[in-house]
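Here the structure is laid out as structure tokens; the discussion comes afterwards.
Derivation of every value follows stated rules applied to the coordinates shown; laboratory data play no part. Because the structure is predicted, anything quoted here is derived from the model rather than measured. So basically every Cβ, Gly included, is an ideal-geometry build from the backbone, and we count neighbours across all protein chains shown.
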Amino acid sequence: MTVAKGLKSIAENTPNFSNQALENAINDIKLGWTIKSVDLDTAIQNNTVLTTSQKNDLKDDINNIEHLNIGRAFGDLLRHTNTILDGSIIPLDDATNPTPSTFLEILQNVQTIQGLVPEVLGVSASDKNRAVNDHLGTLNNVFLETTDSSTPVFTSLKESITFITNANLATETALETAIDDLRNFINSVTGDSTDFQQTLDTFATAVATAQTDFNNALASEPYLTHRTRLIDAREAINVQVALENSNLTGILTYVDTLSSNLSYSALAEDTELRKLMANVAQDTNWQTYFNDYETNQANLNPIYTTDTDSDKSAVIDQVLADSGLPDVTDSTDFDAVASKAKRDTRIDTANFDRFTSEQIIEKSCVQLGITTANRTISALSGSLLRNMNQHDRDTIAQQLDLNESADTIS
């Protein structure tokens, strides 16, 4: 049920969703060379003279030490989240996405997945890397929080960048100078400029060289530990963005597949449609599902449902009691034991009406492999009754297992 309080006030305003929280977190990390690196990335992105090809080549040239090229990391991260907010991360397609998607549609599809994955696949969405943060973690402060005792990605980044910048290394200063030179050149390029590619390449090479020198200066302690943390943080960002890209670019197909599979399984309730689908399905798993549907459906019984294995014995006791079992407890009541033997499906009861109760007990023991030699009828009756009562329990246990199997998604 939707909460009514406050509904009117939000209906009269727009949510104005943005990645401002992520940008604020990034601004908190911008220290030392990272400030200039971010400014450089912005200058490249906003330049209107450089072609897309020139920009891409330039970005590749200065990304030779990826974990030090923080501006590229943060810039790509913000641009990635912007494509989520405006829906453009989902590619246009005449069949699946003929009109641009919206952030609302993305949220709705992510919510749909949270319900469909457990229903269709039998596991939580997180087990399939399809939880909310697997789609939208970059917008949901995933780099500022952890679910365990580990240090959040952005916290680790800030600590290491702070430590390195506080060391005032000459190689960091040289890198900052090279970045400034390249940025200033980019900002000076105008529409009338000609033949500036060689100069652009020279400044880019200077940045790449300075990054290499800076990286080498961090190759021993006490800096090595922090360089490793920079590498790990950059990898964590790469992995998260790649996961979100993969999940979101294909989210429409994924939702459609899960929904269709669920719909097909619902159609299996119809005997004729089930037969038809079993005949036309080419996948053996689908064929098995449809062909075994009736058997598995027959095995489903709520009275056999149990939460854990430890409950099985109690369930068996309850089902036996509800069924009036054990119906015979006194092994000295030979007539009752013989009567129970006549109802045991394992025993061939042909001509049993011609035998006495004692004879029925002895013949039943022989059929069930119970030793009869040199044993009294009382002993045989006791062994037979225990065997039959245990069989009742085993039958219930088997039905319980069949129910569990039929009710377990596989």
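A few remarks follow.
- When each of Val38, Val132 is scored by the number of other beta-carbon atoms lying within 10 Å, the sequence from fewest to most is Val132, Val38.
- Residues in the stretch 97-117 reached by a label modelled at Asn13 [backbone nitrogen below 17 Å; 7 Å Cα→Cβ]: none
- On Cα atoms only, tilt of 197-217 relative to the major axis of the chain in degrees: 60
- Per-pair calculated FRET efficiency, R0 = 35 Å: Gln198 and Glu159 via Cβ, rounded to 0.05: 0.30
- Relative contact order, percent, the stretch 11-253 [alpha-carbon distance under 8 Å, six or more residues apart]: 31
- Helix 251-267 axis versus longest C-alpha principal axis of the chain: approximately 10°, rounded to the nearest ten.
- Within the shell defined by Cβ-Cβ distances under 13 Å, the residues around Phe355 carry a net charge of -2, with Lys and Arg each +1 and Asp and Glu each -1.
- Relative exposure of Ser88, Ser383, Ser364, judged by other C-beta atoms within 10 Å (fewest first): Ser88, Ser383, Ser364
- When Lys158, Lys340 are arranged by Cβ crowding within 10 Å, least crowded first, meaning fewest neighbours, the order is Lys158, Lys340.
- Rounded to the nearest 10 degrees, the inclination of helix 103-121 to the longest alpha-carbon principal axis of the chain is 30 degrees.
- Cross-link reach list, lysines versus Lys342, counting only Cα pairs under 16 Å and skipping chain neighbours closer than eight places: Lys363
- Between Asn261 and Asn245, the distance separating the two model label sites (each 7 Å from Cα on the Cα→Cβ line) works out to 2.6 nm.
- Rounded to the nearest whole angstrom, the semi-axes of the ellipsoid equivalent to the stretch 303-406, taken from the Cα gyration tensor as √(5λ), stand at 30, 13, 12, largest first.
- Modelled label positions at Ala281 and Thr112, each set 7 Å beyond Cα in the direction of Cβ, lie 2.2 nm from each other.
- Charge tally around Asp327: other residues with Cβ under 10 Å, Lys/Arg +1 each, Asp/Glu -1 each, net +1.
- Taken along the Cα-to-beta-carbon direction at a fixed 7 Å, the label points for Ala314 and Asn46 span 6.7 nm.
- Inter-part distance where the stretch 149-208 and the stretch 220-283 are each reduced to a Cα centre, Å: 37
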